[in-house]
Amino acid sequence: MEPQGPIHALTLSGMSSAQRVLVVIATPAPLPAEVDRSRWPVHVTVAGNFRLDERDSAAVPHLLLTAARGIRPFEVALGPAARFGRDASIPVLLAPHPSLDAVHAALAESLSALPSFDPLEPQYWGEGYRPHASLGRTVGVADGDALPLTVLSLFALEARAGLRLAQVELGLTPDR
């Protein structure tokens, strides 16, 4: 049975045959179609930066909907603090939660089956996944805060903007 539900997918128009960098994030509320990358709102990374070609990218909204099936909105306790990136320059708050692990595992399995799948940092996929909220100047959360998560979004990362390609509201997808 094909998943039915509230997926809000934008077309992948304007994509060249070159690979595009994508990311899946969880947020407290729906995000606009375009987000200034220097001003990301608070979010938890569900599937870190990865590349897909145009053909494989078209499958991701369906994979996102399938991975979200049966996941209800939830709160995650943020913390402890950590540092990510090659030079440990990115401050984050870890965000451990079984629902984030489940969605990541489902996406990691389905995305890795796509021929053009290329994770930019494969050590942080699958067993190496560490859900986290990146801290930036526009993110107003602290260690110990509870962050409600209600939406999963797929974004394409352009030079200065994140372009939302799909969005799934948690709890509104069928359980089977």
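If we keep just the residues of segment 150-176 that are of a type in the set (Gly, Ala, Ser) and at pLDDT 90 or above, which is farthest from Pro32 (Cα to Cα)? Spell out the reasoning first.
The initial filter retains those residues of segment 150-176 that are of a type in the set (Gly, Ala, Ser), namely 153, 156, 159, 161-162, 166, 171.
Now drop any that are not at pLDDT 90 or above, which leaves 153, 156, 161-162, 166.
Values: Ser153: 10, Ala156: 13, Ala161: 11, Gly162: 10, Ala166: 11 Å.
By that ranking, first place goes to Ala156.
Restricting to segment 54-80, and then to whatever is touching a helix residue (DSSP H, G or I) at 6+ places or on another chain (Cβ under 8 Å) and not in a loop (DSSP other than H, G, I, E, B), can you tell me which residue is nearest to Leu149 (Cα to Cα)?
Looking at residues that are touching a helix residue (DSSP H, G or I) at 6+ places or on another chain (Cβ under 8 Å) and not in a loop (DSSP other than H, G, I, E, B), I get Phe74.
Return the residues of segment 133-176 that are small (Gly, Ala, Ser) and over 21 Å from Leu94 (Cα atoms); say none if nothing qualifies.
Of everything in segment 133-176, those that are small (Gly, Ala, Ser) and over 21 Å from Leu94 (Cα atoms) turn out to be Ala156, Ala159, Ala161, Gly162, Ala166, Gly171.
Looking at segment 146-167, which of the residues that are out of contact with any Phe, Trp or Tyr (no Cβ under 7 Å at 6 or more places or on another chain) and within 16 Å of Arg69 (Cα to Cα) is surrounded by the fewest Cβ atoms within 10 Å (Cβ to Cβ)?
Thr150
Of everything in segment 56-75, what is touching a Leu at 6+ places or on another chain (Cβ under 9 Å), surrounded by fewer than 21 Cβ atoms within 10 Å (Cβ to Cβ) and not polar (S, T, N, Q)? Give them in sequence order.
Hits for segment 56-75 are Asp56, Ala58, Ala59, Pro61, Arg72, Pro73, Phe74, Glu75.
The rows are residues; the columns are (1) assigned to a loop (DSSP other than H, G, I, E, B); (2) in contact (Cβ under 8 Å) with a residue 24 or more places away in the chain.
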site: Gln123; (1), (2): no, no
site: Gly136; (1), (2): yes, yes
site: Gly144; (1), (2): yes, yes
site: Pro148; (1), (2): no, yes
site: Leu154; (1), (2): no, yes
site: Arg164; (1), (2): no, yes
site: Gln167; (1), (2): no, yes
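Being touching a strand residue (DSSP E or B) at 6+ places or on another chain (Cβ under 8 Å), surrounded by 15 or more Cβ atoms within 10 Å (Cβ to Cβ) and outside any loop (DSSP other than H, G, I, E, B) is true for just one of Arg51, Arg83, Arg130. Which residue is that? Reasoning before the result, please.
Numbers: Arg83 fails: surrounded by 15 or more Cβ atoms within 10 Å (Cβ to Cβ); Arg130 fails: outside any loop (DSSP other than H, G, I, E, B).
Answer to the check: Arg51.
Mind listing whichever residues of segment 131-149 are of a type outside the set (S, T, N, Q), at pLDDT below 95 and in contact with a helix residue (DSSP H, G or I) (Cβ under 9 Å, 6 or more places away or on another chain)?
Selection gives Gly136, Arg137.
The values are calculated or read from the model by the stated rules, or taken from the named source; none is laboratory data. All values derive from a computational prediction rather than experimental measurement. Cβ: placed from backbone, ideal geometry, glycine included. Neighbour counts: every protein chain shown.
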